[in-house]
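K.L.:
The structure follows.
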Amino acid sequence: MAKTVDAIFFGAHADDIELTSGGTVVNIVRSGRKAGIVELTHGEMGTRGTVEIRRRESRNAAKILGASFREQLDFGDGGLRTGREEELRVIDVIRRWRPEIVFAPWPDERHPDHARAGHLVTEASFYSGLRKIKTKHEAHRPQVVIYYVQYHIPPISFVVDVTESWKTRMKAVRAYKSQFFDPKSAEPRTKIGEQRFLEMIEARGVHFGSLIGAHYGEPFVTKLPPRLQNVFDAYAGREV
């Protein structure tokens, strides 16, 4: 029987998942389910680090999060390709792992690679269910594409409580030593390499957590609302 996972987190670059939804990856794994991570580029256009350094860092981060697998495709950094060839590659990844849920970047993000990745993964998730599109694996359509957000914040559909997984998530973020703040680093200065960037990530987690009565939260967007079976549990411990 083919190996499967319950969720796949797609990103344009290594560290996209850790910065946006790493706590949710940890929550899924700790619940007894399996999650995988797929980057669509090698991040070769990044100002800091090298492709090999970033790949090594991403593997370490995946181990920290508990991901079942991490895979890098090569659709071109700084101009992510979204043609039929790339679409079929994503379709086959989805069919191979047969996730119930796919996570992807919000398709109206500031970084064009993120926006392109969001559109590509959304469309591939639908086409993956069409039997007459032939790839190496049988047709499979996920239940939903859930979007994580980075720079542009649309109306949020729900927030995941990641209070218990926050420390692990941030440990995974700090696995990217070439990218983020390190007072001893000789790498060029960048916005994400400043100490205040990590402080902003912390503050953002606190902000979204406060919206649901938690210490830390990660926001997500879906095209259709999630189903709640108990509205009382959803708002327990909060006040108007």
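K.L.:
Order 157-167, 57-67 from most to least packed using the mean count of other Cβ atoms within 10 Å.
P.N.:
57-67, 157-167
K.L.:
Diagonalise the Cα gyration tensor of the range 57-147 and give the resulting equivalent ellipsoid semi-axes, square root of 5 times each eigenvalue, largest first, whole Å. Write down the numbers at each step before the final one.
P.N.:
On the way: eigenvalues 82, 62, 34 Å².
Calculated on Cα positions only, the semi-axes equal 20, 18, 13 Å.
K.L.:
Residues of the chain: accessible area per residue at 1.4 Å, in Å²?
P.N.:
54 Å²
K.L.:
Another question, if that's okay. Per the Debye formula with a single identical scatterer at each Cα and no solvent contribution, what log10 I(q)/I(0) holds for the range 77-218 at q = 0.11 Å⁻¹?
P.N.:
-0.55
K.L.:
Can you report the principal axis dimensions of the range 180-240 using only the alpha carbons, biggest first, rounded to whole angstrom?
P.N.:
The Cα atoms of the range 180-240 stretch 52, 27, 15 Å along the principal axes, largest first.
K.L.:
Carbon and sulfur together cover what percent of the accessible area of the range 1-105 at a 1.4 Å probe radius? Provide the component values of the computation, followed by the final result.
P.N.:
Numbers: 2010 of 4120 Å².
After summing per-atom areas, the C and S share lands at 49 percent.
K.L.:
Looking at ALA214, VAL240, LEU228, which one has the Cα that reaches farthest to the positive end of the dipole of the range 186-240 (charges on Cβ: Lys, Arg +1; Asp, Glu -1)?
P.N.:
LEU228
K.L.:
Identify, among VAL145, ALA117, GLY76, the residue whose Cα sits farthest towards the positive end of the charge dipole of the range 48-206, taking +1 on the Cβ of Lys and Arg and -1 on the Cβ of Asp and Glu, with the dipole about the Cα centre.
P.N.:
GLY76
K.L.:
Calculate the FRET efficiency for LYS136 and GLU202 from the Cβ-Cβ distance with a Förster distance of 41 Å, rounded to the nearest 0.05. Write out the running numbers ahead of the final one.
P.N.:
Values: r = 42 Å, r/R0 = 1.03.
After rounding to 0.05, the efficiency reads 0.45.
K.L.:
Also, I was wondering about something else. Please list, or write none, the aspartates and glutamates whose alpha carbon is within less than 19 Å of the alpha carbon of LYS184, excluding same-chain residues fewer than 8 places away.
P.N.:
GLU57, GLU194, GLU199
K.L.:
How large is the Kirkwood hydrodynamic radius of the range 19-107, counting all unique pairs of alpha carbons, in Å? Kindly include the intermediate steps, with their values, before the conclusion.
P.N.:
Details: mean 1/r = 0.0701 Å⁻¹.
One decimal place: 14.3 Å for the Kirkwood radius.
K.L.:
Counting only protein heavy atoms and using a 1.4 Å probe, what share of the accessible area of the range 174-216 belongs to carbon plus sulfur, as a whole percent?
P.N.:
Exposed carbon and sulfur together represent 56 percent of the surface.
The values are calculated or read from the model by the stated rules, or taken from the named source; none is laboratory data. Computed from a predicted model, the values in this text were never measured in an experiment. Neighbour counts run over all protein chains shown; Cβ positions are idealised from the backbone, glycine included. The protein model used for the area step is the full one, side chains on, heavy atoms only, and it has no ligands, DNA or RNA in it. Shrake-Rupley method; radii C 1.70, N 1.55, O 1.52, S 1.80 Å.
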